[in-house]
Every structure is written in structure tokens, then in C-alpha cells.
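Undergrad: Have a look at the structure that comes next, please.
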Amino acid sequence: MREHVISAIASFSSATHQEITQMFEKYGLADAAPAGSRRERVRATTEALSDADCIRVARIIADDKTLSTEQRFAAQEALWVDDPNYPRIDRRARRELAQDLLTNSLHSDGAAFIALLSELWPINDDLYALEMLMGRAPGRASLRAQIEQHVLRNPEDWSTEDLWERLGALDASDRRFISFP
């Protein structure tokens, strides 16, 4: 669990010192290295978190719609990884299920499918979208663009197992996996 919370908070190190201070205040975190570099402040603060603080911070981050999907995803995984309310589904069973499903059987409406994926998985890549908006050819396609290409427009390109592998569904928390169609 701790590694997921640390992953969600680690992205704060790209913020300014003032923004880091504001984020720490927002999430009720004590700055463990106020005189250090941005990276040192974030690392020291996350390492100082108790297990109870990890859970508290993960809940706040998971619900904070102002954060990136990746940050919320990491926090949700931290909370969901050992959720006893969902049955355990091991990687082998997930892979066998994926092999038995046709990719195009997962959706009937492409836009609704993408919307659902966006709620459960970090498939959007802001850099890709920014490059497209600026009229530049993107250096790489976002996962969303790849899914639109290889699942929706050309469903024979990727098997369900290929899709799940790229999403991370084979290793995700049981709760996230069960929420996935």
C-alpha cells in the first residue's frame, strides 16, 4: 500500500516549493525536510508517513479531482489492494479469462467504453493531447489513442489479453479488475 501512496505523492516534486507547501497543507502532511530540495522534501515527507497517515492521505488523493488520473489511480490502488470485500482473482485466472473473451465483446459503444476506461485507468496522456493541440506530431500515442486505434477501429489488432496487459488489468487490485467490464 505504501508504495502506491508514495507514487501518488512523488509527482509533487515537480511542483514549486510554494506549491509543495500548499499540497502538504491540503493533505495534512508535516513537511519533514522544509529546507531541502523539492525532491528531498517530498521523499522525506512520504517516508515519515505512518500507516494510518498513508490511508488517510490516499483517501484524500483518490477523491481529489484536481489531481491527475495517474495520481488518483495510485491512491485508489493503495486503498483497494487488500480490500477484503472483493474476491481474489489471481493473474493466471485473469489471463485465462482474457483469452476466452473477444475484445469487441467488451463494448457496444466506443465512446462509453473509453469513458469507462478513463474512470478506471490512467489512459489519457496530457503531453500527447498538448502536442496535438499545438499542431505537432506527437512523439508517441497515448494509451487512449492506441485503444481507439487497435480496439475500436481495428478490433482484430489487439486481443483482450493485449488490452488488459497494456491497461495493467492483470496486476491491478481485485476491486479495479472486478469493476472493469
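Undergrad: Identify, from the list Ser105, Ser68, the residue that is surrounded by fewer than 17 Cβ atoms within 10 Å (Cβ to Cβ), assigned by TED's automatic domain parsing to the domain that holds Leu152 and modelled with pLDDT under 90.
TA: Just one listed residue meets the conditions, Ser105.
Undergrad: Looking at Leu29, Leu49 in this structure, which one is surrounded by 17 or more Cβ atoms within 10 Å (Cβ to Cβ), out of contact with any helix residue (DSSP H, G or I) (no Cβ under 6 Å at 6 or more places or on another chain) and not in a helix (DSSP H, G or I)?
TA: Leu49
Undergrad: Being closer than 26 Å to Ala78 by Cα, at pLDDT below 85 and surrounded by 13 or more Cβ atoms within 10 Å (Cβ to Cβ) narrows it down to one residue among Ser173, Ser142; which is it?
TA: Ser142
The values are calculated or read from the model by the stated rules, or taken from the named source; none is laboratory data. Bear in mind the structure is a predicted one, so any value in this text is a computation, not a measurement. Cβ sites come from the backbone with ideal geometry, for glycine too, and all protein chains shown count toward neighbours.
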